[in-house]
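Undergrad: The structure is given below, and queries will be raised subsequently.
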Amino acid sequence: LKPKYLKDEL
Amino acid sequence: MNIFRLLGDLSHLLAVIILLLKIWKTRSCAGISGRSQILFAAVYTARYLDLVTSYISAYNTVMKIVFLVASYGTLYLMFLKFKATYDHNHDTFRIEFLVLPCVILALLINHDFSALEILWTFSIYLESVAILPQLFMVSKTGEAESITSHYLFALGTYRGLYLFNWIYRYYAEDHYDLIAIIAGIVQTVLYCDFFYLYITKVLKGKKLQLPA
């Protein structure tokens, strides 16, 4: 699974 | 972007617009918890600080700005412009009991011990419980105006739709964020009792009134 730091949601 | 996330965001947008319009059109914020609105302003502020550090998309940037402006606009209407209509006698939930545990939890359980990440985590935890002063106010007065019910329904639906978005993303994109997911489940569960009353009463044209 990809890193959990992605913050592309609102 | 998938359909659940888009509908979730639109539901969220609808909620904040309903609230602003209700206050503006009736020139009154009766029945609205200023304490919940303060918590939401704190949530958006802590989460959207990344507006200045990272660019995702025009959609993302515009929505963040809209939520920030709408949130502070609501506070302005409640605590300055229509201050006289603010029902503070019924808005008595102690928000420090929500904020302090969220601060502690964000410091203990986060993805990375850095300022922005902890603020983001804090905002996720705080958002999950920020509606409690409002729900407490409704239970204290025993009723809510229909427009307030529509606001609560749209706001509750938003995170519920995000749960479907996260299920979708887990399978389609191998992406998941346990902190957001668990807080999102808590947030949605808190609305369940209200959802039941909304569907059984408000949608049938009755006022949302709690049993005595």
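Undergrad: Test B:Phe67 against the criterion of being aromatic (Phe, Trp, Tyr), under 13 Å from the mean Cα position of the chain (by Cα), at pLDDT 95 or above and more than 21 Å from B:Asn165 (Cα to Cα), and give yes or no.
TA: no
Undergrad: Could you check B:Ser128 against (1) buried (at least 17 other Cβ atoms within 10 Å of the Cβ); (2) not in a helix (DSSP H, G or I) and say which number it fails?
TA: That leaves (2) as the condition not met.
Undergrad: Can you name every residue in the stretch B:59-70 that is over 19 Å from B:Leu116 (Cβ atoms) and surrounded by 15 or more Cβ atoms within 10 Å (Cβ to Cβ)?
TA: B:Val66, B:Ala70
Undergrad: Any idea which of B:Leu39, B:Leu49, B:Leu75 is over 20 Å from B:Ile124 (Cα atoms) and in a helix (DSSP H, G or I)?
TA: Matching residue, one of B:Leu39, B:Leu49, B:Leu75: B:Leu75.
Undergrad: When residues of the stretch B:43-58 are filtered for being surrounded by fewer than 19 Cβ atoms within 10 Å (Cβ to Cβ), touching a residue at least 12 places away in the same chain (Cβ under 8 Å) and more than 9 Å from chain A (Cβ to nearest Cβ), how many remain? Walk me through it before giving the result.
TA: First, the residues of the stretch B:43-58 that are surrounded by fewer than 19 Cβ atoms within 10 Å (Cβ to Cβ): B:45, B:49-58.
When the remaining residues are screened for being touching a residue at least 12 places away in the same chain (Cβ under 8 Å), the result is B:45, B:49-51, B:53.
Remaining after also requiring more than 9 Å from chain A (Cβ to nearest Cβ): B:45, B:49, B:51, B:53.
The qualifying residues number 4.
Conditions (1) without any contact (Cβ under 8 Å) to a residue 40 or more places away in the chain; (2) out of contact with any Cys (no Cβ under 8 Å at 6 or more places or on another chain); (3) closer than 24 Å to B:Arg35 by Cβ, marked per residue:
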| residue | (1), (2), (3) |
| --- | --- |
| B:Asp112 | yes, yes, no |
| B:Leu116 | no, yes, no |
| B:Thr141 | no, yes, yes |
| B:Ser146 | no, yes, yes |
| B:Phe153 | no, yes, yes |
| B:Tyr158 | no, yes, yes |
| B:Tyr162 | no, yes, yes |
| B:Asp174 | yes, yes, no |
| B:Leu178 | yes, yes, no |
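Undergrad: Scan the stretch B:167-202 for residues that are within 11 Å of chain A (Cβ to nearest Cβ), assigned to a helix (DSSP H, G or I) and closer than 21 Å to B:Ala130 by Cα and report the count.
TA: Within the stretch B:167-202, residues that are within 11 Å of chain A (Cβ to nearest Cβ), assigned to a helix (DSSP H, G or I) and closer than 21 Å to B:Ala130 by Cα number 5.
Undergrad: In addition: Does at least one position in the stretch B:140-157 carry a residue that is at pLDDT 95 or above, in a helix (DSSP H, G or I) and of a type in the set (D, E, K, R)?
TA: No, because not a single residue in the stretch B:140-157 is at pLDDT 95 or above, in a helix (DSSP H, G or I) and of a type in the set (D, E, K, R).
Undergrad: To continue, here is another question. Does the stretch B:104-128 hold any residues that are within 14 Å of chain A (Cβ to nearest Cβ), within 17 Å of the chain's Cα centre (by Cα) and among the hydrophobic types (A, V, I, L, M, F, W, C), and which are they?
TA: B:Leu119, B:Trp120, B:Phe122, B:Ile124
Undergrad: Do we find that B:Arg35 is out of contact with any strand residue (DSSP E or B) (no Cβ under 8 Å at 6 or more places or on another chain), within 14 Å of chain A (Cβ to nearest Cβ) and either surrounded by 21 or more Cβ atoms within 10 Å (Cβ to Cβ) or touching a residue at least 24 places away in the same chain (Cβ under 8 Å) (or both) in this structure?
TA: no
Undergrad: Right, here's the next one. Out of all the residues in the stretch B:52-63, is one or more assigned to a helix (DSSP H, G or I), among the hydrophobic types (A, V, I, L, M, F, W, C) and within 26 Å of B:Ile182 (Cα to Cα)?
TA: Residues of the stretch B:52-63 that are assigned to a helix (DSSP H, G or I), as a first pass: B:58-63.
So of that shortlist, the ones also among the hydrophobic types (A, V, I, L, M, F, W, C) come out as B:58, B:62-63.
Narrowing the set further to residues that are within 26 Å of B:Ile182 (Cα to Cα) leaves B:63.
Scanning the stretch B:52-63 turns up at least one residue that is assigned to a helix (DSSP H, G or I), among the hydrophobic types (A, V, I, L, M, F, W, C) and within 26 Å of B:Ile182 (Cα to Cα).
Undergrad: Right, something else. Quick check on B:Lys25: is it more than 11 Å from chain A (Cβ to nearest Cβ), in a helix (DSSP H, G or I) and of a type in the set (Lys, Arg)?
TA: Here the answer is yes, as B:Lys25 does meet what is asked.
Undergrad: Can you name every residue in the stretch B:21-56 that is among the small types (Gly, Ala, Ser) and modelled with pLDDT of 95 or more?
TA: B:Ser28, B:Ala30, B:Gly31, B:Ser33, B:Gly34, B:Ser36, B:Ala41, B:Ala42, B:Ala46, listed by residue number.
The values are calculated or read from the model by the stated rules, or taken from the named source; none is laboratory data. Small disclaimer: the values here were computed from a predicted structure and weren't measured. Backbone-built Cβ (ideal geometry, glycine too); neighbour counts: all protein chains shown.
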